[in-house]
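Scroll down for the structure; my scribbles are underneath it.
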2 protein chains.
Amino acid sequence: MHHASDILLSLFIIFVAAQLGAELAQRLKLPGVVGEIAAGCIVGPSVLGWVVPNEPLEVLAEIGVVLLLFSVGLETRLDDLKRVGRSAFLVGVLGVIIPFVMGSAWAHLSGFPWNKSLFIAAAFVATSAGITARVLQELGALQRVESRVILGAAVIDDILAMLLLGVVVALQAGDSVNIGSLAVVLVEAVGFLLVIGWVGTRVMRRKSHWLEGPVNPLSPLTIVLALCLGLAFLSTKFGLAAIIGAFLAGMIASETTQRESLEHQTQPLLALLTPFFFVITGSKIDLAQLANADALIMLIVVTLIAIVSKLAGGFLGALSLGRRGATIVGVGMVPRGEVGVVIASLGLTAGVFTDKTYAVIVAMSLLTAMVTPPVLAALLRQKDGPVP
Amino acid sequence: MHHASDILLSLFIIFVAAQLGAELAQRLKLPGVVGEIAAGCIVGPSVLGWVVPNEPLEVLAEIGVVLLLFSVGLETRLDDLKRVGRSAFLVGVLGVIIPFVMGSAWAHLSGFPWNKSLFIAAAFVATSAGITARVLQELGALQRVESRVILGAAVIDDILAMLLLGVVVALQAGDSVNIGSLAVVLVEAVGFLLVIGWVGTRVMRRKSHWLEGPVNPLSPLTIVLALCLGLAFLSTKFGLAAIIGAFLAGMIASETTQRESLEHQTQPLLALLTPFFFVITGSKIDLAQLANADALIMLIVVTLIAIVSKLAGGFLGALSLGRRGATIVGVGMVPRGEVGVVIASLGLTAGVFTDKTYAVIVAMSLLTAMVTPPVLAALLRQKDGPVP
C-alpha cells in the first residue's frame, strides 16, 4: 500500500513537471519537448531529487517512446518512404561513418588505445529518432520530404549502429571480428524489416476490415496496439531498437481505412505516456559530474564533434534536396538521446569508460537532444513556404 | 537492451491475452472482464508461466485501475450520488458489518484465536469497486440508480475497511485500540473526500474554461489526468485506496463543459491500460495451492460466506430500491478483488495466515471477482425495462 503511494507521487510529479515544462517552452517559442527534458533534469536527482529513475518508470518511458514512434509511423506511408530511399540511405550511411571516424580520432588523440577509442566512437553514432520525431510532429511537419528522409535514415542508422556495436564489443573483448556472423546479423535485420514492412502493408491495404471483426468497438485500436507491442519486441530480438518495430507497426497501420480514427485515438495515449520518456531522459543528466572545468571542456569538445559530424553526414547525404533541405536533414539527425546513453552504460559496465567519460558521453547525448529541437523548429518555420 | 526485450514480450502477451479472453467471453455472452481475468490465470505462473507479475507490471496494473475508476467518475455526477446518499451509506455500513461478523465467526469456529479471527475477517470486508465498475461500464449501466448506490457505497466501504484494518492490526500486535486516533483517521478521510469533492466540483462547474488555457490543444485532458494522479496519490496518504481518489477526480472532471470530449479521449487510455489490471489480477490465482480436497472445501465455504454476507449487506441496505434493485446492489458489492489480496498479503507477512489460508483468501477474493460479472450482467439485462 505504501509503495503504491510512492509510485503514484512520482507519476504525478513527472506528469505535472512535463506539462509545466512544455507549456513554458512553448510560450518561449521553443518546442515543448525541450521543456519536458529540462523539467526532468530539474525534478531528477541532479537538482530537486523528487524523482529517481527506477524500473517501473523506465518501463513507462519505454512504452511512451514506443507509442510516439508508432504514431509517427501512422503518419508515414511506406510508398513515401520508398521515394526518398536513396537519400535516406546516403544520410544513414554517411551519418554513421563520419561521426564514427571523427569520434574515434578524437578518443585516440585524447589518449585512449584504439580498441577503447572505437567503443567510445560508437556512442557518437546512433541517432535517437524519438526527439526529432516529436519536434516534426509538434510542428505538423511529418509530411515534408525532409522528414521522410530523416525517418528512413534513422532506420538505416539503427541497423548500422547495431552492427558497429557488435564489432566494437568484439574488439574490446579481444575477439577477432567474425565477418560471417556480422553478415548474418545484417541480413536478418534487413530481412525482418523488409518482410514485415512489405507483407504487413500489403495485408493491411486489402484486409483492414478484419480489424472490425471483434466485438470490442475499439478493436481496430487494440489490434494495432498489439501489433505495435509485438513488433517492438520482435525488433529487439533482431538486435534493433524497440522503436524501429513500433515505427514499422505504425506504418503498417497507416495503410488501413481506419487510419484517421487511429490517429485520433493515439493522441490521448501520447499525452499520457510520452512525458515519461522525456522527463526520465532529462532526469539522467548528472550535473554534478560536469561541475568542473576539465569535464566541461571535454563535454564541449565532444558535443561539438557529435554535432558537426552528424550534421556533415546528414547534409552531404541529403544534398539532392538542396542546401536548405540538406541542412534540415542534418540537424534532424543530430540528437543521440537514449541510444548514446545505452552505449555509454555498456561501456561503463565493461570497464571501458571512466565515470567522467561516462558522464560526458551521457551529457553529450542529452545535450544534442536539447539543442536540436529549437534549431530544427526555427529552420522548419523559416521555410514555411508553399510546401506540400 | 535485453531487459527491454523481456518486458516488451510480457506487455505483448498480457495485452493479446486480454483481447482474446475478452473476445471469447463476450461471444459466450459473459462480460469481457471475466475473460481478461481468466486469461491472466492462464498466462500466469499457475498454468503457462509466460507472465510473472513484477514491479513494472504492477505499476501498469495500478495505472490501469486508476484510469478505470477515473472514467467511471467521469460518468458520475456528485448530485446524483448525493441523491442516493442514504441508501449508499446503509449499503456501505451493512456491507462491512455483516461480512466482518460472519467472517470472524467462521474463523473462530475453525480454530483461530479471536485476534487472528478478526484479522482474517477483515479480508472479507472491502469491496473492490474496479470489477463491478467495469461491468456496469461495459453494459452502459452507470447511469442507473443501482450503479450510483454501488459506487457511493464503495467509497463508504473503503473508509470503513481502512478503519477496521487499523483496529485489527493493532489487536494483532497486542496493542490496545486507540479510539481517539481512529476518530482522527476517520475525520481526516471523510474530510478529505468532502472538501475535495465539494470544492473541486464547484470550481470546475464555474471555471472549466481554465482547462483551455495552456498552449497544448489536449490540455483539458492532461490537466484532469494530472488531477487524477494527484488525488489518487493524496487518497493513499489519507489511508484510502488510490482508486477512490481517481474516482473523485473523475467526478470533479464530470462537471466541466469538456466532459464529453474527455470521456471520448479516456477510451483509448482504458483500452491500453485496464487489461494490465485484470490480467495481472488473474495471474495471481495460485491453482496449485488449491489442488487438494481440504483447501478446496475451505475455499468453497469461505467463498460462500463472502458472497452471502456481502449480498445480505447490500440487499438489506438498498431495500428502498425494491427487491430487484436491492439484489443488483447486493451482487454488485460482492467482488473483493485486489483489496482482499492486499489484506491477505499483510496477514501473511505478519504471520497471521498460513500459506494455505493465504491461498484460500486470495482465491476467494478472485473467485468473487470472477463470479460477480456474469450474474450482475444477467440481472441488469433482465431488468432492461423503462429505466432512466
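Below, the figures for the structure above:
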item: Filter result for the condition that a residue is under 15 Å from the mean Cα position of the chain (by Cα) and among the small types (Gly, Ala, Ser), over A:Ser176, A:Ser147; result: A:Ser147
item: Residue in region B:10-20 that is within 13 Å of another protein chain (Cβ to nearest Cβ), in a loop (DSSP other than H, G, I, E, B) and open to solvent by 30 Å² or more (accessible area, probe 1.4 Å) present; result: no
item: Count - residues of region B:226-248 that are modelled with pLDDT under 85 and facing another protein chain (nearest Cβ under 9 Å); result: 2
item: Residue that is hydrophobic (A, V, I, L, M, F, W, C), more than 14 Å from every other protein chain (Cβ to nearest Cβ) and either closer than 27 Å to B:Val302 by Cα or surrounded by 21 or more Cβ atoms within 10 Å (Cβ to Cβ) (or both), where the choices are B:Val59, B:Val72; result: B:Val72
item: Residue in region A:273-294 that is farther than 26 Å from A:Val341 by Cβ, more than 9 Å from chain B (Cβ to nearest Cβ) and surrounded by fewer than 24 Cβ atoms within 10 Å (Cβ to Cβ) present; result: no
item: Index of the failed condition, A:Leu28 passing every other in (1) modelled with pLDDT of 90 or more; (2) within 11 Å of another protein chain (Cβ to nearest Cβ); (3) open to solvent by 10 Å² or more (accessible area, probe 1.4 Å); result: (1)
item: Verdict on B:Ala61 being at pLDDT 90 or above and under 19 Å from B:Gln19 (Cα atoms); result: yes
item: Answer from A:Met333, A:Met370, A:Met364 - the residue that is aliphatic (A, V, I, L, M) and open to solvent by 10 Å² or more (accessible area, probe 1.4 Å); result: A:Met370
item: Residue, farthest from the chain's Cα centre (by Cα), within region A:185-236, restricted to residues that are outside any helix (DSSP H, G or I) and among the hydrophobic types (A, V, I, L, M, F, W, C); result: A:Val215
item: Residue check for A:Arg323: at pLDDT 90 or above and either out of contact with any Pro (no Cβ under 6 Å at 6 or more places or on another chain) or more than 18 Å from A:Ile156 (Cα to Cα) (or both); result: yes
item: Hits in region A:75-92 - residues which are buried (at least 19 other Cβ atoms within 10 Å of the Cβ) and outside any helix (DSSP H, G or I); result: A:Glu75, A:Thr76, A:Val84
item: Sole exception among (1) under 17 Å from B:Gly250 (Cα atoms); (2) touching a Ser or Thr at 6+ places or on another chain (Cβ under 7 Å) for B:Phe124, by number; result: (1)
item: Members of region A:178-217 found to be within 30 Å of A:Thr349 (Cβ to Cβ), surrounded by 12 or more Cβ atoms within 10 Å (Cβ to Cβ) and free of Cβ contacts under 8 Å to residues at least 24 places away in the same chain, listed by number; result: A:Asn178, A:Leu182
item: B:Gly230, sole failed condition from (1) without any contact (Cβ under 8 Å) to a residue 40 or more places away in the chain; (2) surrounded by 23 or more Cβ atoms within 10 Å (Cβ to Cβ); result: (2)
item: The lone exception for A:Gly49 - which of (1) assigned to a helix (DSSP H, G or I); (2) more than 9 Å from chain B (Cβ to nearest Cβ) it fails; result: (1)
item: Region B:332-350 residues that are under 18 Å from B:Val169 (Cβ atoms) and acidic (Asp, Glu), paired with ones that are at pLDDT 75 or above and buried (at least 23 other Cβ atoms within 10 Å of the Cβ) (beta carbon under 6 Å, 6 or more apart); result: none
item: Every residue from region A:240-258 that is under 19 Å from A:Leu164 (Cα atoms) and either in a helix (DSSP H, G or I) or in contact with a Gly (Cβ under 8 Å, 6 or more places away or on another chain) (or both); result: A:Ala242, A:Ile243, A:Ile244
item: Residue that is outside any helix (DSSP H, G or I), small (Gly, Ala, Ser), within 25 Å of the chain's Cα centre (by Cα) and buried (at least 19 other Cβ atoms within 10 Å of the Cβ), where the choices are B:Ala161, B:Ala141, B:Ala153; result: B:Ala141
item: Cβ-Cβ under 8 Å pairs, at least 6 apart or on other chains, region B:15-37 side touching a residue at least 60 places away in the same chain (Cβ under 8 Å), far side surrounded by 22 or more Cβ atoms within 10 Å (Cβ to Cβ) and of a type in the set (Phe, Trp, Tyr); result: B:Phe15/B:Phe276; B:Ala18/B:Phe276; B:Ala18/B:Phe278; B:Val33/B:Phe278; B:Glu36/B:Phe278; B:Ile37/B:Phe278
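Here's the yes/no breakdown for (1) at pLDDT 90 or above; (2) within 30 Å of A:Phe277 (Cα to Cα):
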{"position": "B:Val16", "(1), (2)": "yes, yes"}
{"position": "B:Ile42", "(1), (2)": "yes, no"}
{"position": "B:Val52", "(1), (2)": "yes, yes"}
{"position": "B:Trp106", "(1), (2)": "yes, no"}
{"position": "B:Gly111", "(1), (2)": "no, no"}
{"position": "B:Trp114", "(1), (2)": "no, no"}
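The values are calculated or read from the model by the stated rules, or taken from the named source; none is laboratory data. Note that the coordinates shown come from a computational prediction; the quantities given were computed from them, not determined experimentally. Note that each Cβ is placed from the backbone with ideal geometry, even for glycine, and that neighbours are counted across all protein chains shown. Please note that ligands, DNA and RNA were not included when accessible areas were found on the heavy atoms of the full protein model with its side chains. Shrake-Rupley method; radii C 1.70, N 1.55, O 1.52, S 1.80 Å.
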